[in-house]
Structure formats: C-alpha cells, structure tokens
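Input: a single structure, listed below in structure tokens.
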Amino acid sequence: MPSSENSFVSPFDAARCAFGRHETFPLRYSWLTKGFQELKANPSIFESEDATVRLGVGKNMVNAIRYWLQAARVVERVGNTYRPTALGEHVFGPDGYDPYLEDEATIWLLHWLIATDAQLATTWYWFFNRFHKLEFTAQEVATALADFVKASVNGRTSSKTVKQDANILLRMYSRSRANARTPMEDTLDSPLALLGLVQAGFTGKAFRSLPQRRDVPVGSIGFAVTDLCNSLNVRQLPIEQLMYGEGWAPALGAVFRLTEDSLLAKLELLVREMSGTFAIRETAGIHQLYLLDHIDPLCMLAYQYKEQKAGVAA
C-alpha cells in the first residue's frame, strides 16, 4: 500500500473545521512568494516586531499571509513556530520550480491544495466538493454554507464569519469588477482568479461555476491522483469516484471543474505519458485508474513543470 506520509489531502473532520482565519483578505499574488522568502530568512518572522515592515503590509495582513501559506501547504506550524514544507521548497525555494509564481501550473497546484484542505480551508473544500449549483448569487452561497456548517460542523461559527468566508471565496476566484467606490487594493485579483473557475454570470445570476475547464495541466491531474491515492491508502480508484468523490474524499473532477469526457481525456493522456506509473483497466465492469508503483506526489512536480514548459496540449 502507498504510504500516506506525503499526502496533502486533509480529510474532513467536524471537530477541526476552520473559518475566518484569513482576516477577511483573499490570497494575493505576492503573498506566498514574499511570505515564504521572509520565513526562510527568519523563521520567527510572523512573531517579530518588524513583520509589517519586512512584508510591507499591515498587521492583519501579516496574519492573513501566514494563514494562506499554511492553507497552500507551503508552510506548516510546528509547536509555536513555522517552517517551510518540502512542497514549499520544491516550488518556492531558491532552486524551486517557480519561486516567483510565474507559471500557471503552480496556480492549478495551489488550487488543488487549498480546495482539498477540509480542516484549514473548510469553506473552499465545501464549495469545490459539496456545493453543486452551477449558477448562484453570493447570498445563495452564504446560505448553503451556513446550512452545511449547522448540519456538519461541531462548535459554533458566527453567521457573520460564514458570510465573510463565502464572499472571500468568490472574490478570490472571480475577476474583480471595480467601480468608483471600490478601494484600489480590493480590485487586485487573486492568482486563483486566473483559472476562471468562478465567473460573472450572464443570465441574471451573480456568478457561475460550470464544469467546462479543458486547460488543466495533465501534471496537475497526476499530482492530484497520486495525492488522493496516498490519502486513501489505495492503489486504484474508480474513475467515477475520481469524478464525483466518495465520502469525505475530494472529487477531482469537481475540484478542477471538468466534465466526465474531459477528465477521462486527461487521465488517458496521463497514462500515455507515464505508462509505467499509471494504467486504466476495467475490472468487473468498472473502469479504474491504477497507480502501478508507489510515487510521492512531489515526484509529479517535475512532470508538471516539464509539461508546461514543453507546451504539451491536451
């Protein structure tokens, strides 16, 4: 069985859900790279008196940067201190694949990591894995999230915090619509808005999130598959389960907003590119994706970035 040691999927735990840790600030472009670099230079940066100066932001934003670094799995808390993760070093380290967040492949990777963190980024996990409306208003998202919290989460979470989480998620994934009354800093898009996973609606609804993506890098799919297999401690998964999920496990198709045909096409290309690692087989009438050998999800990063640089299309 694959070891779950290097899995990044965080299973849903009703007693360990988190809301509002972002201090009402969506993730911004420079925060991960800047925060990671400053932490490397000073492991106590987030507790230091000059954190606001070093990071160039206000005190609440310092806390937000620390939160997003953790939600993206590039930094982890150990006791009362913080340190870079192996994933963080692979991507944002001095010799990393994308130290300045210039590659769209990194943004797809960050999306998977945040949307599968059911404990630290519960709202993001819920929206991409459990909220199934294709067109919706911000109020509908907030109401549905509040219902989920009431039914599934232990402990009390204020309605204000839940509503703020819903609004922050939509701001983080959709292009900003500035007007004269909008502060300039609030019109700065999050890197995740680039993915187009949440868009302004066209039929009277405020937003839409449709299963229509075709440009998800195959390397991101490979990382997600190996990550999910390790988290479940299995060597094969039905393609239907990859598409729709089962139990608390993330639904890969839903997270990346893929149609069934698009997901299957990505998986078939992954198998062709890495035939010694993956295979699709039919067992008892069920099509399954097999992980032929144990592979750390981090090993998929080399394939992901090689694919992007080579311009492989799927």
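The values are calculated or read from the model by the stated rules, or taken from the named source; none is laboratory data. In this text, all values refer to a predicted model and were calculated from it rather than measured experimentally. Cβ sites come from the backbone with ideal geometry, for glycine too, and all protein chains shown count toward neighbours. Quick note on the areas: whole protein, heavy atoms, side chains included, nothing else; ligands and nucleic acids left out. Shrake-Rupley method; radii C 1.70, N 1.55, O 1.52, S 1.80 Å.
The table below gives the values:
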{"item": "Segment H132-N60, length gained on full extension (0.36 nm per residue, minus Cα span)", "result": "22.7 nm"}
{"item": "Global form of region 220-309, assessed from the alpha-carbon gyration tensor, a/c cut-off 1.5", "result": "rounded"}
{"item": "Accessible-area composition of region 1-125, carbon plus sulfur, in percent [1.4 Å probe]", "result": "45 percent"}
{"item": "Helix-derived mean residue ellipticity, 222 nm - over the chain, DSSP H n ≥ 4, -39500 (n - 2.57), to 500", "result": "-13000 deg cm²/dmol"}
{"item": "Cα-based shape type of region 9-98, given that a ≥ b ≥ c are square roots of the gyration tensor eigenvalues and the cut on a/c is 1.5", "result": "oblate"}
{"item": "Within the accessible area of region 198-287 (1.4 Å probe), percent carbon and sulfur", "result": "50 percent"}
{"item": "The chain: Cα Rg divided by the 2.2 N^0.38 Å rule of thumb", "result": "0.98"}
{"item": "Candidate aspartates and glutamates - alpha carbon under 19 Å from K133, same-chain residues fewer than 8 apart omitted", "result": "D147, D165, E246, E260"}
{"item": "Accessible area expressed per residue, region 201-314, with surrounding protein chains retained (probe 1.4 Å, Å²)", "result": "44 Å²"}
{"item": "Most positive-pole-ward Cα, G276, N6, F19, against dipole of the chain from beta carbon charges", "result": "F19"}
{"item": "Cross-link table K205/K306; K160/K205; K150/K205; K34/K150, entries beyond 30 Å C-alpha to C-alpha", "result": "K205/K306; K34/K150"}
{"item": "Charge dipole (the chain, unit charges on Cβ, about Cα centre) - positive-most of M300, T52, L267", "result": "T52"}
{"item": "Accessible area of region 1-139 divided out per residue, in Å², using a probe of 1.4 angstrom", "result": "43 Å²"}
{"item": "Qualifying chymotrypsin sites (Phe, Trp or Tyr not before Pro) for region 86-132 [loop in DSSP, other Cβ within 10 Å: at most 11]", "result": "none"}
{"item": "Helix runs (DSSP H) in the chain reaching 18 Å along axis by Cα, Kyte-Doolittle at least 1.0", "result": "218-232"}
